[in-house]
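One structure is given below, encoded as C-alpha cells.
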Number of protein chains: 2
Amino acid sequence: MTQTSPSGRASAWLEHFGAALGRPDAAATAALFDADCYWRDLVAFTWNICTQEGQGAIEKMVQARGADVAASHFALEGEATEADGVVDAWFTFETRVARGRGHVRLKGADQGDKAWTLLTTMTELKGFEEKTGTKRIKGAEHGVHPGRKSWLEARAHEQQSLGFTEQPYVVIVGGGQGGIVLGARLRRLGVPTIIIEKNAKPGDSWRNRYKSLCLHDPVWYDHLPYMPFPDDWPVFAPKDKIGDWLEMYTKIMELNYWGSTEAKKAHFDEATGQWELQVEREGKTITLRPKQLVFAMGVSGYPNVPHITGAERFEGEQHHSSKHPGPDKYIGKKVVVLGSNNSAHDICAALWEHQVDVTMLQRSSTHIAPSDSLMELALGGLYSEEAIKSGIDHHKGDLVFASVPYKIMHTFQIPVYEEMKRRDADLYGRLEKAGFMLDFGDDGSGLFMKYLRRGSGYYIDVGASELVANGSIKLRSGINIARINAKSVTLSDGSELAADVIVYATGYGSMNQFLADLVSPAVADRVGKVWGLGSNTTKDPGPWEGELRNMWKPTNQPQLWIHGGNLHQSRHYSQFLSLQLKARYEGLDTPVYAQAAVNHLK
Amino acid sequence: MTQTSPSGRASAWLEHFGAALGRPDAAATAALFDADCYWRDLVAFTWNICTQEGQGAIEKMVQARGADVAASHFALEGEATEADGVVDAWFTFETRVARGRGHVRLKGADQGDKAWTLLTTMTELKGFEEKTGTKRIKGAEHGVHPGRKSWLEARAHEQQSLGFTEQPYVVIVGGGQGGIVLGARLRRLGVPTIIIEKNAKPGDSWRNRYKSLCLHDPVWYDHLPYMPFPDDWPVFAPKDKIGDWLEMYTKIMELNYWGSTEAKKAHFDEATGQWELQVEREGKTITLRPKQLVFAMGVSGYPNVPHITGAERFEGEQHHSSKHPGPDKYIGKKVVVLGSNNSAHDICAALWEHQVDVTMLQRSSTHIAPSDSLMELALGGLYSEEAIKSGIDHHKGDLVFASVPYKIMHTFQIPVYEEMKRRDADLYGRLEKAGFMLDFGDDGSGLFMKYLRRGSGYYIDVGASELVANGSIKLRSGINIARINAKSVTLSDGSELAADVIVYATGYGSMNQFLADLVSPAVADRVGKVWGLGSNTTKDPGPWEGELRNMWKPTNQPQLWIHGGNLHQSRHYSQFLSLQLKARYEGLDTPVYAQAAVNHLK
C-alpha cells in the first residue's frame, strides 16, 4: 500500500492524528484539519452530541478533553476510497473508557492531507459490552443450582418487583417507537428501566391513527435495533403491521413496559438527586423514583389545535388529525381539512377514495416530495436494496448520514431537490396550475432539512398530489378559517364553505410543552426549545446550534433527557443516549463538554 | 484459474456434468462419478427426497428424469477448496421449472476428477419466487384506489373467510415449531394454508413442558426461517422464551393459526380428490376441505406409557414425562422416574435441585453426550460463532449437513465420538462406577445417528450426569418395574421401592399412530413406518432406505405429508416440502421418482 493510495493517505493521516491526540497536542491536532473543517462527536470525546466547527473550536475541545479521553489505537477499517479529490475513510479507535468508530473526509493540501469532516462515535463502554455473539448467556446454566429460578419465574419476579420493591434507574415516559428502542438498548446494557405508556399496548400509538396510514419512509430506513424486518417486509409498512411489530419487539426484548399508565406529575428532588414520578396505572397511583427521566413522547406528540372564533358553535364534528379515525363514517358528508402537510394529504386522499366531498385548506406553501423520487434521489444511496448490494446496510448508512455536519448538510441536499424539480416538473406544474402553493425550503434544500429545522412543511407524495392537481380533492389555498359557523366555515377571503366535519391537520406543538405540563414551566424553560438547528430559516430561529436542540444529549435540567424522531433517528441516536445513561448508571465520570445554552424557550 | 486449482477442477467437472445432462446422456453422466458414489437430491431432479447410491442407480435416474428436468447453467459458486485429496465445491444450476443450488465432492482419478458425493437442491420455482428484496410488495399502494382495504381490513377478511367461504389448499395438523415454519414458507409462497393446533396459543407445546426445560441444541442450530434470533439470544433458550418467540413469529408471519382446535377425523375423498377434515374449534365442529394434508405433530408427539400390572392400584400420582409439571409440588415426596434419556435426566435433576428424593430406573443402556463436547466436536464446525466467522451461517451449515449421504454419515460421526470418549473419560468412568449403563450406538456413531435411526437412546448432558455419578440422583439400572403397588413399585429384580410419584419418561410412540387415529388404520398402513433409515441397528430394522422414511416427501397416500424433526430439520426440510406443495398448488407436473416402498408398518 503506497502513501498515495487512498488507504495509504488515510492511514498516514490517522497515524498523525493519533500521535497528536496521544501527546495530547491540541494545536497539532487542529493543524491536521483543513481551514474549512468540522469534527462531529457522538459521545466519544465530549460526553455530548456536538460539532466543533473550525480549527479554533477543535483546538479548544482537544485542550479541554484530550488528556481525559486518552484516545488511542486509531486503525483504518476496510479500504479508503477517493472521489472528486476527497478521500473517504472509516476507522476504529479506543478511549480510556470506550471503543469507537469514526469516519473522515480528507482533502489533499500542499502540506499533506487535511481533514474536512471528522466523525467520532462511541460504540461500547469497556467492560460493559452487550452480551452478544460469543458473549451471549448460556440460558440453561449447566450443572446444578439448587432452588434455581426458571427464566419464566425470574422474569415474573422482575415484573412484580421493579417499580415497587426495587426502583428503576431510568423511566422512559412514552412507549412509542422511540421509548421502545431506547428501552431495548438499555435492557441489553443491563440498566433497570420502566417504559410508561398511556395506551394499553405497544404499537397502539400507530394503530390509533387514521386507517390508511402507512410509513412514508421506506423499509430500509426504518429498521429497529437488533431485529431487522424480514426481507419480505413491505416497502411502506401499514400502521397496524408496524403496531404488531412493536408489540412483538417489546415482548421479545423483555422490556418492562407499563401500558395503560399515565405520567401525572414529575418532580426532581435535589436532596436525593432522584425524580419523583407519579403515574396512574390501571386506576392506581404509583410513585416511581428513577435517577434518570427520559421524555420520548414524540417530536410530533403535542396536538396543535388553533382557537378559531365560533368553534364552539359548530354543530358538526371537529377533531385534530391525530384523532382522525379514517373516512368510513363520513361518507355523504362535507369535510374541510385545515392544513396541507402529510396528514392533511393522507386524510384527504382516503376521504376522496370513499367518495367523500373533501376540501383542503392550504394556509401557506408546502414542499411536495414524490415518494419514488425521494427514495431514488435522497435515500437510495444509503437505504435501499442497491445500497445493501454495494455493502451499505442501515448500520453503515446511519454512520454515513451522521458524518455530514449539519452546517453543510444543505449543500448536500440542494442538488437532490434541483434534480427532483426537473424530474417531477410535470406534477409540480399541474399542482401550481391548480393553485397549490409550492416551496422547496427557504434555500431549496428540501424535505429533510425542513424536517430537521422545523419538523413540518412537507408532504411525501404517495398519490394525493395527483388528486389535488386534478381537482378530485378540492383546494383552497392562501387561505385560513376566519370564523366557524353552525354548519359552515367562513374563510379569510370572506367566502363561506359548507362543512359537516372539520379536521385540524395543523401539526404539533413544542415538545417543551410536555415538560411544562408534567414537571413545571420553570424546568421547561431551563431546558428550552427542543428540535431545530438554529438555521435562521422559517420556524428555526438562530443563533446557530450545530446540532438538534436538546435531542439525545444532556439538557440543562440534570438527569432529564429527550428522545424521539423518526425510526431512523430513534434507532441510531438511542445508541448514544443509552451509552450516556449506562455510563452514569455505572458511576463513570461523564464530564459534558460544551453544554448548549438555551436561546429559545419554545 | 488453471485446471489444477480446486476451482478449476470443479468448474471442469461441472462443465462435463452439465454437458452430459444436457444431451442427456445417462451413461456419460454416471461415468463422471466415482465407483463409490452418492447423488442426494432434494426435489430438484426427482420431485422426491432420495439418494441414488452407485453409478447404476444414478444412470437409471438420469435415464428416467434427465430429459424432463432439462438441467442447465451449472456454475461454480465461490471458490472450491481441497483437503485430503477431496475437492469441495458449491454450484448453482437451473432446471426447466426451478433454480437450484448444489454441492459436490470430487476425488482425483487417472481418468480425471470423479464425483464422490453430489447434492442437488431446489431453491425456488421459476415464476413463483418469494417476494423478497427488490421483489417485496410496496405495502402502501401509491396512487388512489377507491374503496381500497387497509392491511388490517384485508387481514381480517382473510381470517373470516378462509376455512369457511374459501377453502385452504393445505391444512397442517399440529401447530408446533414444525407446523409454524412450514406455514411461514407456504405463506411466502402464497399457498392458502390453515394450521390446526390443540393448544390455545403458538408456543404452548413448549410452555406446557416441565419448567426447567431448555433447548438441548445451541442457538446457532435452532434458527427459524426468515427471522434469525437476535444476537444476544441464549445459547440454550428456555422453553417459555421459545414459546414466546413462536407466538410472535406466528403473528408477524401472518399465519392462519387456529388455536384451541382439535382435528377429529380425516377422510380422503377419491372422487373430489380432496380431504374432508373435521375439526372442533372452540366447541364448534367445522369441516375443512384442503387438497393437501400435512401431519406436523412431532417426531415425539405420541406419549408411550407402558401398561404395568397394578398401575390402577397406585395411590400416588403417575404421569408421562410429557405431562410432568416440574418439581415444586413434589417437595418431600419420593419420586421414581422410569427411563434414562433426555427427559428423565432433566426431570430428575430439577427434582433433586428442589431436594426431592428421586430415583432413576434405567432399563437399557443410554448414550451420554456432554453438551460442551457435543457443541465443540459435533456441531461447532457448522453451527457456532466460529463457523459464522469462517463464513458458514446456518443456511450454509444446513446444506453442508445435507451434502453427507446417510449411507456414509456414520463414518463422519464415529471419530467425533471417539474423541468424546477420550475427552470425557473421567465422567464416563464415574458413571459406569455408579452402575450407569453407557453406549455410543451400535457402531459407535453416537447421538445424531441414534436420533436419525430411532429418535431415542441418549441424553445431552447439561449437568444431570454428574448427579447420577455422585449418587445425588439415585440410580437403579438394568431394571424395570415389574409391578405397581399402592405406595411402592416392585422392580424386576424383586426389590421394592417406596413411591409417591411415578414419572414415565418412556418416550414416544410411532407417528404412524396419529394417522391410524385421525384417518384410518388402512391409511396408516399404506403410509407405513415413519422416521428411521433402515440401518438395521437397534430399533431401526432394514432394509436400507437411504432417507428418513416418509419425512418431507411424497408418501404412498396421495396428498398426505409428514413434517417434523428438531428445529434444524424443521427449518431446512420445510423449504423442500413447501416447494413440493407450491408446485402442486400451481398445477405443475411433479412426477415422483423412486417412490419409497413400505417395508414396515410401525
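Points to keep in mind about this one:
- Evaluation of A:THR46 against the conditions (1) within 29 Å of the chain's Cα centre (by Cα); (2) assigned to a loop (DSSP other than H, G, I, E, B); (3) surrounded by fewer than 20 Cβ atoms within 10 Å (Cβ to Cβ) shows that the sole unmet condition is (3).
- Residue within segment B:135-150 that is open to solvent by less than 40 Å² (accessible area, probe 1.4 Å), under 30 Å from B:PRO591 (Cα atoms) and either modelled with pLDDT of 95 or more or of a type in the set (Ser, Thr, Tyr) (or both) present: no
- B:ASN480 in contact with a Lys or Arg (Cβ under 7 Å, 6 or more places away or on another chain), touching a residue at least 40 places away in the same chain (Cβ under 8 Å) and open to solvent by 20 Å² or more (accessible area, probe 1.4 Å): yes
- Considering segment A:409-448, the residues that are among the hydrophobic types (A, V, I, L, M, F, W, C) and not in a helix (DSSP H, G or I) include one that is most open to solvent (accessible area, probe 1.4 Å), namely A:MET437.
Quick grid of which residues meet (1) at pLDDT below 95; (2) more than 14 Å from chain B (Cβ to nearest Cβ); (3) farther than 30 Å from A:VAL462 by Cα:
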{"position": "A:LYS239", "(1), (2), (3)": "yes, no, no"}
{"position": "A:GLY243", "(1), (2), (3)": "no, no, no"}
{"position": "A:GLU247", "(1), (2), (3)": "no, no, no"}
{"position": "A:THR261", "(1), (2), (3)": "no, yes, yes"}
{"position": "A:PHE268", "(1), (2), (3)": "no, yes, yes"}
{"position": "A:GLN274", "(1), (2), (3)": "no, yes, yes"}
{"position": "A:GLU280", "(1), (2), (3)": "no, yes, yes"}
{"position": "A:LEU288", "(1), (2), (3)": "no, yes, yes"}
{"position": "A:LYS291", "(1), (2), (3)": "no, yes, yes"}
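- Test for B:ILE388: is it within 14 Å of chain A (Cβ to nearest Cβ) and closer than 19 Å to A:ARG136 by Cβ: yes
- Residue list for segment A:515-558, restricted to those being in contact with a strand residue (DSSP E or B) (Cβ under 6 Å, 6 or more places away or on another chain) and closer than 19 Å to A:LEU277 by Cα: A:LEU518, A:VAL519
- Checking each residue in segment B:449-460 for being open to solvent by 20 Å² or more (accessible area, probe 1.4 Å) and either among the aromatic types (Phe, Trp, Tyr) or within 14 Å of another protein chain (Cβ to nearest Cβ) (or both) picks out B:TYR451, B:TYR458.
- From A:LEU548, A:LEU560, residue being touching a residue at least 40 places away in the same chain (Cβ under 8 Å), among the hydrophobic types (A, V, I, L, M, F, W, C) and under 26 Å from A:GLY457 (Cβ atoms): A:LEU548
- Taking the numbered list (1) open to solvent by less than 20 Å² (accessible area, probe 1.4 Å); (2) more than 11 Å from chain B (Cβ to nearest Cβ) in turn, A:TRP233 passes all entries but (2).
- Any hit, segment A:59-69, residues being touching a strand residue (DSSP E or B) at 6+ places or on another chain (Cβ under 6 Å), part of a strand (DSSP E or B) and not charged (D, E, K, R): no
- Test: residue in segment A:524-538 that is open to solvent by 20 Å² or more (accessible area, probe 1.4 Å) and among the acidic types (Asp, Glu): yes
- Among residues that are among the hydrophobic types (A, V, I, L, M, F, W, C), modelled with pLDDT of 95 or more, outside any helix (DSSP H, G or I) and more than 21 Å from the chain's Cα centre (by Cα), B:LEU533 is not included.
- Every test in (1) surrounded by fewer than 21 Cβ atoms within 10 Å (Cβ to Cβ); (2) touching a strand residue (DSSP E or B) at 6+ places or on another chain (Cβ under 6 Å); (3) without any contact (Cβ under 8 Å) to a residue 40 or more places away in the chain is passed by A:GLU262 save one, and that test is (3).
- Considering A:GLY310, A:GLY332, A:GLY381, the condition of being open to solvent by 10 Å² or more (accessible area, probe 1.4 Å), more than 14 Å from chain B (Cβ to nearest Cβ) and over 32 Å from the mean Cα position of the chain (by Cα) is satisfied by A:GLY332 alone.
- Residue match in segment B:155-169 (condition: within 14 Å of chain A (Cβ to nearest Cβ), of a type in the set (Gly, Ala, Ser) and either free of Cβ contacts under 8 Å to residues at least 40 places away in the same chain or surrounded by fewer than 24 Cβ atoms within 10 Å (Cβ to Cβ) (or both)): yes
- Tallying residues that are more than 21 Å from the chain's Cα centre (by Cα) and open to solvent by less than 10 Å² (accessible area, probe 1.4 Å) within segment B:195-224 yields 1.
- Some residue of segment B:264-277 being in a strand (DSSP E or B), touching a His at 6+ places or on another chain (Cβ under 6 Å) and closer than 27 Å to B:LEU560 by Cβ: yes
- Which numbered condition A:HIS319 misses (of (1) open to solvent by 30 Å² or more (accessible area, probe 1.4 Å); (2) in a strand (DSSP E or B); (3) of a type outside the set (A, V, I, L, M, F, W, C)): (1)
- Residue within segment A:107-125 that is in contact (Cβ under 8 Å) with a residue 12 or more places away in the chain, open to solvent by 30 Å² or more (accessible area, probe 1.4 Å), within 14 Å of chain B (Cβ to nearest Cβ) and in contact with a strand residue (DSSP E or B) (Cβ under 9 Å, 6 or more places away or on another chain) present: yes
- Comparison of B:LEU588, B:LEU581 shows that the only residue that is more than 12 Å from the chain's Cα centre (by Cα) and open to solvent by 20 Å² or more (accessible area, probe 1.4 Å) is B:LEU588.
- Only residues that are under 20 Å from the mean Cα position of the chain (by Cα), surrounded by 22 or more Cβ atoms within 10 Å (Cβ to Cβ) and not small (Gly, Ala, Ser) were counted in segment A:368-378, giving 1.
- Criterion (among the acidic types (Asp, Glu), buried (at least 16 other Cβ atoms within 10 Å of the Cβ) and either within 14 Å of chain B (Cβ to nearest Cβ) or touching a Cys at 6+ places or on another chain (Cβ under 7 Å) (or both)) met by exactly one of A:GLU130, A:GLU94: A:GLU130
- Every residue from segment A:490-519 that is assigned to a loop (DSSP other than H, G, I, E, B) and open to solvent by less than 30 Å² (accessible area, probe 1.4 Å): A:ALA499, A:ALA505, A:THR506, A:GLY507, A:GLY509, A:MET511, A:VAL519
- Scan of segment B:463-477 for residues that are open to solvent by 30 Å² or more (accessible area, probe 1.4 Å) and at negative phi, ordered by number: B:GLU466, B:ASN470, B:SER472, B:LYS474, B:LEU475, B:ARG476, B:SER477
- Cross-chain or 6+ apart pairs with Cβ under 7 Å, segment A:276-292 first and without any contact (Cβ under 8 Å) to a residue 12 or more places away in the chain, then among the acidic types (Asp, Glu) and surrounded by 13 or more Cβ atoms within 10 Å (Cβ to Cβ): A:THR287/A:GLU276
The values are calculated or read from the model by the stated rules, or taken from the named source; none is laboratory data. Quick caveat, the model's predicted, so the values are computed rather than measured. Every residue, glycine as well, gets a Cβ built from its backbone with ideal geometry; the counts of neighbours run over all protein chains shown. Only protein heavy atoms, including side chains, enter the accessible area calculation; ligands, DNA and RNA are left aside. Shrake-Rupley method; radii C 1.70, N 1.55, O 1.52, S 1.80 Å.
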